[in-house]
Amino acid sequence: MIPAYPHAFTLVLADALYAQAPSFNFLLAHGQHALVVLQDERRDLYQDVAGLFHHVAPQPGRYRSRQRCWWGFPDLLCWPQVHTPVRVLRSLETYSVRRQLDQRDDPQTSDWIWVTTLSPTEVLVEQVVRLGHQRWDIENYGFQELVQQWHSDHVYQHDPGAIECFLLVAFLAYNVFHAFLAWHVKPAARKGKTQIFWARLIAADLYSELTPVGMSP
């Protein structure tokens, strides 16, 4: 990706599997940043920042509908294998889930810790938290929509090349469709209309170009 599209992105979001020095150093060598989940409690980096959480007051914050407590520790040198100081951020989040049986709100908490090469002068804590959660947005709003609305989990042909071609076309169509809605359709026009509405409107317009004059669609 980097040789072919060197300016396509500047930040890589990844899960805890990629919290490895070779991954960070590879990205740094190519002018890219990393934002990775930090989970392994055995690591020196994790243990060092875990000791700081009890001595540093958190910064209150809010993202979407969740109340949050944020901690941020920049310029950490306790991961010497990485060729630059790293920054660790924690987001302790409180929210409620409505239970279906009795319709009562059930309080929930989630605790997220990330390690990144982004400095506080480049990206604020609130922005890092938003970016960290965007990895799940890709799963929830990207792949889930591709399966449920675009039927990308259906195998139309069992040839490997055909499967790859279909997925690439599906990804391209998905991105073009969402870019069209986000950048071409004004917010006032989008208000009150679902994505299905716009998809059907586009499909109707395309079919109208293919239907011969005098024939019903």
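The values are calculated or read from the model by the stated rules, or taken from the named source; none is laboratory data. Not measured: the values here are computed from a predicted model. Cβ placement follows ideal geometry from the backbone for every residue including glycine, while neighbour counts extend to all protein chains displayed. Remember, those area values only see protein heavy atoms, side chains included, never the ligands or the DNA or RNA. Shrake-Rupley method; radii C 1.70, N 1.55, O 1.52, S 1.80 Å.
With the condition being touching a helix residue (DSSP H, G or I) at 6+ places or on another chain (Cβ under 9 Å) and either small (Gly, Ala, Ser) or within 15 Å of Leu118 (Cα to Cα) (or both), I'd like the strands (runs of 3 or more DSSP E) fully within the stretch 1-66 carrying at least 2 qualifying residues. Write out each step before concluding.
Values: elements: 11-14, 33-37, 59-63.
Where strands (runs of 3 or more DSSP E) fall fully within the stretch 1-66 and carry at least 2 residues being touching a helix residue (DSSP H, G or I) at 6+ places or on another chain (Cβ under 9 Å) and either small (Gly, Ala, Ser) or within 15 Å of Leu118 (Cα to Cα) (or both), they are 11-14, 33-37.
Just to be sure, is Pro80 in contact with a Lys or Arg (Cβ under 6 Å, 6 or more places away or on another chain), free of Cβ contacts under 8 Å to residues at least 60 places away in the same chain and open to solvent by 50 Å² or more (accessible area, probe 1.4 Å)?
Answer is no for this residue.
Name the residue, out of Gly161, Gly132, Gly192, that is at pLDDT 90 or above and closer than 30 Å to Arg68 by Cβ.
Only one candidate passes the filter, namely Gly132.
Answer yes if at least one residue in the stretch 63-74 is small (Gly, Ala, Ser) and in contact with a strand residue (DSSP E or B) (Cβ under 6 Å, 6 or more places away or on another chain), and no otherwise.
Looking through the stretch 63-74, at least one residue is small (Gly, Ala, Ser) and in contact with a strand residue (DSSP E or B) (Cβ under 6 Å, 6 or more places away or on another chain).
Output the residues belonging to the stretch 161-202 that are within 19 Å of Val147 (Cβ to Cβ), surrounded by 12 or more Cβ atoms within 10 Å (Cβ to Cβ) and not hydrophobic (A, V, I, L, M, F, W, C).
Residues satisfying the conditions are Tyr174, His178, Gln195.
Considering only the stretch 21-41, I want to know if a residue exists there that is open to solvent by 20 Å² or more (accessible area, probe 1.4 Å) and touching a Lys or Arg at 6+ places or on another chain (Cβ under 7 Å).
Scanning the stretch 21-41 turns up no residue that is open to solvent by 20 Å² or more (accessible area, probe 1.4 Å) and touching a Lys or Arg at 6+ places or on another chain (Cβ under 7 Å).
From the list Gln39, Gln47, pick out the single residue that is within 23 Å of Leu92 (Cβ to Cβ) and touching a residue at least 60 places away in the same chain (Cβ under 8 Å).
Working: Gln47 fails: touching a residue at least 60 places away in the same chain (Cβ under 8 Å).
Going through Gln39, Gln47 in turn, just one is within 23 Å of Leu92 (Cβ to Cβ) and touching a residue at least 60 places away in the same chain (Cβ under 8 Å): Gln39.
Being of a type in the set (Val, Ile, Thr) and over 30 Å from Leu77 (Cα atoms) is the filter here, so list the residues in the stretch 110-139 that pass it.
Hit for the stretch 110-139 is Ile138, nothing else.
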